[in-house]
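The values are calculated or read from the model by the stated rules, or taken from the named source; none is laboratory data. Being a predicted model, the structure only gives us computed values, none of them experimental. We place every Cβ from the backbone using ideal geometry, glycine too, and count neighbours over all the protein chains shown. Protein only, heavy atoms only, side chains kept; ligands, DNA and RNA dropped before computing areas. Shrake-Rupley method; radii C 1.70, N 1.55, O 1.52, S 1.80 Å.
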Amino acid sequence: MDEREGDVRWDGLCSRDAAARAAALEHLGQAVLRRGGAAAAPRVLARLLLLAKRCPFRDVREKSEAILSGVQELGIRIPRPLGHGPSRFIPEKETVQVGNEDAMMHTLFAESFATLGRLDNVTLVMVFHPQYLESFLKTQHYLLQMDGPLPLHYRHYIGIMAAARHQCSYLVNLHVNDFLHVGGDPKWLNGLENAPQKLQNLGELNKMLAHRPWLITKEHIEQLLKTEENSWSLAELIHAVVLLTHYHSLASFTFGCGISPEIDCEGGHTFRPPSVSNYCICDMTNGYHGVDDIHASPTVSISGSSVCEVEALMEKMKQLQECRDEEEASQEEMATRFEREKRESMFVCSSEDEESAPTRDVSRHFEDTSYGYKDFSRHGMHVPTFRAQDYSWEDHGYSLVNRLYPDVGQLLDEKFHIAYNLTYNTMAMHKDVDTSMLRRAIWNYIHCMFGIRYDDYDYGEINQLLDRSFKVYIKTVVCTPEKTTKRMYDSFWRQFEHSEKVHVNLLLVEARMQAELLYALRAITRYMT
């Protein structure tokens, strides 16, 4: 985040000290309003709008609103938000409103704002699950800002490369700003071919990790570690791999939850006046967006069939538990069920599936735009089986990461466990429900799509618990997230809370990240031995 734009300075606003913020706000107000608002450039006004709506500190929100009012009184047009809250899929009134959060959420918001200089829409959706959000923010902060093998600008550039693989302009835009803020060379943003050869060499690994991680071999690792003056060290490569997998899976969350553009980014605000009369600044900061509100999607009523759907799912869980207690399938049968589920998963696709060419704006950050997950399955090729007991996160990956990039293995392990074990013992309107069977089916289905098999799991349970619309959603969000639609989000688990659907996305994020990591770390281990 830039600290200075002309006479306008933003540093100090993120301070936890109220006096420091007050001094910064006073200076900001004077800088923007002096000389008849000469410093009130569109970018500055958009940033003020973001602060008025999204800063966790009330004094900053109120002063930013007052400055915008002052600018408006000078006859300068001010921006207003577009869209309806942090997610296009979740009605704004059902998300946490900044300023109305509880004490624990406020602490998380303040921490995020102090370290990132913003309270982004991903955070405002993830906060449905504060325990997970705390672990996520701690891990992301460590990867991007704490001591580590890679320089800061490399970290953000790798984030851009990873997000661009899925055409995720939301994450690309955030990290372009961060990259410039930490001193990155603007020329690199003209395309990957303008970045150092060392980063260009990472392109192939980025591509395979994002779409076909089962193809990664120790030879790919060797090429990166032994390319003379552009070689990577093992520690640098581990850092890069964790960043790539983090941003591939965060792109899944961004599309899976319909994250809206940030207010100060393109698509997040407009300077056009609303067509509804009597519009004023107080409406804007209270979340009234003028005529756009008319187009908000109607709330879907819960039909009788939807209520039956959750009852049927609970009944299946009960029956499967009884079957587990009565009989156990042979190892041969378990292996057959896995192969069947893996094969079927390759052909799960949405009726809305159509090719979409990546925009030049995002595609310039990576090479080979035609390379994707779908091409692989279309040609009738199969994903090889990766047996979890031969190479697992707990027994192998965790220690390798911790050895080469201290503390990160621990942070990732904690995040994986929180996502996997997170439960409120509820399902839609039902309380005191053990959801462990359902959570395991979702996690194992994702790993199954990546060819990863757990010998002790009966993959026949997946077809019992996950219906087709849910499988389509999971496959799309995990493999081709840029093709996720609101219709897909709305069509699975129709009677469940939005917080439960966000919870599903946390499982998708972490299962996908762990699957990618396992393939990369196994190749690194093979190279080392």
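For residue 463 and residue 526, calculate 0.36 nm times their separation in residues minus their Cα-Cα distance, and state this gained length in nm to one decimal. Write out the running numbers ahead of the final one.
Working: separation 63, 0.36 × 63 = 22.68 nm, distance 3.47 nm.
Extending this stretch completely gives an extra 19.2 nm.
Can you list residues from other chains, or at least 5 along the same chain, whose modelled amide H is less than 5 Å from the amide H of residue 386?
452, 453
Of the peptides 399-411, 471-483, how do they stack up when ordered by the mean number of other Cβ atoms within 10 Å, highest first?
Values: 399-411: 17.8, 471-483: 23.0.
Averaged packing, sorted descending, gives the order 471-483, 399-411.
Tell me, Kirkwood radius of the chain from alpha-carbon pair distances, in Å? Each step should come with its number before you reach the end.
On the way: mean 1/r = 0.0407 Å⁻¹.
Computed over the chain, the radius equals 24.6 Å.
Accessible area per residue, 1.4 Å probe, Å², for the chain: what's the number?
The answer is 42 Å² per residue.
If you build the Cα gyration tensor of region 415-520 and take the root of 5 times each eigenvalue, what three semi-axes come out, in whole angstrom, biggest first?
Details: eigenvalues 82, 60, 37 Å².
Rounded to whole Å, the semi-axes are 20, 17, 14.
Quick one: which residues, 5 or more positions from residue 269 or on another chain, have an amide H under 5 Å from its amide H? H modelled 1.01 Å from N in the peptide plane, none for Pro or chain starts.
Hits under the 5 Å cutoff: 82.
What distance in nm separates the two pseudo spin-label positions at residue 485 and residue 223, each 7 Å out from Cα along the beta-carbon direction?
With each label point 7 Å from Cα toward Cβ, the separation is 3.7 nm.
Would you mind checking the tilt of helix 18-37 against the longest principal axis of the Cα atoms of the chain, expressed as 0 to 90 degrees and rounded to 10?
60 degrees
Note down the nm distance, to one decimal, between modelled labels 7 Å out along Cα→Cβ at residue 399 and at residue 434.
The modelled label-to-label distance comes out at 3.2 nm.
In 10 Å bins starting at zero, report the fraction of Cα pairs in region 1-140 per bin as a rounded %.
11, 41, 33, 13, 1
Can you tell me what percent of all Cα-Cα pairs in region 478-517 are more than 11 Å apart?
Distances greater than 11 Å cover 69 percent of the Cα pairs.
Please go through the residue pairs 138/415; 318/431; 63/138; 93/471 and name each one whose alpha carbons sit more than 19 Å apart in this structure.
On the way: 138/415 10 Å; 318/431 15 Å; 63/138 29 Å; 93/471 28 Å.
Correct reply: 63/138; 93/471.
Take the solvent-accessible surface of the protein heavy atoms, probe 1.4 Å, and return the percent of it on the chain that carbon and sulfur atoms account for.
Details: 11100 of 22220 Å².
Carbon plus sulfur share of accessible area: 50 percent.
Consider all pairwise Cα distances in region 91-168 and report the whole-number % of them above 17 Å.
Of the Cα pairs, 53 percent sit more than 17 Å apart.
Enter the angle in degrees (range 0 to 90, nearest 10) between the Cα long axis of helix 331-346 and the first principal axis of the Cα atoms of the chain, meaning the one along which they spread out most.
The answer is roughly 40 degrees.
Under a no-solvent Debye model with one identical scatterer per Cα of region 124-257, what's log10 I(q)/I(0) at q = 0.14, 0.17, 0.21 Å⁻¹?
-0.64, -0.95, -1.41
Below 8 Å, C-alpha to C-alpha, sequence gap of six or more: please give me the relative contact order for the chain in percent.
20 percent
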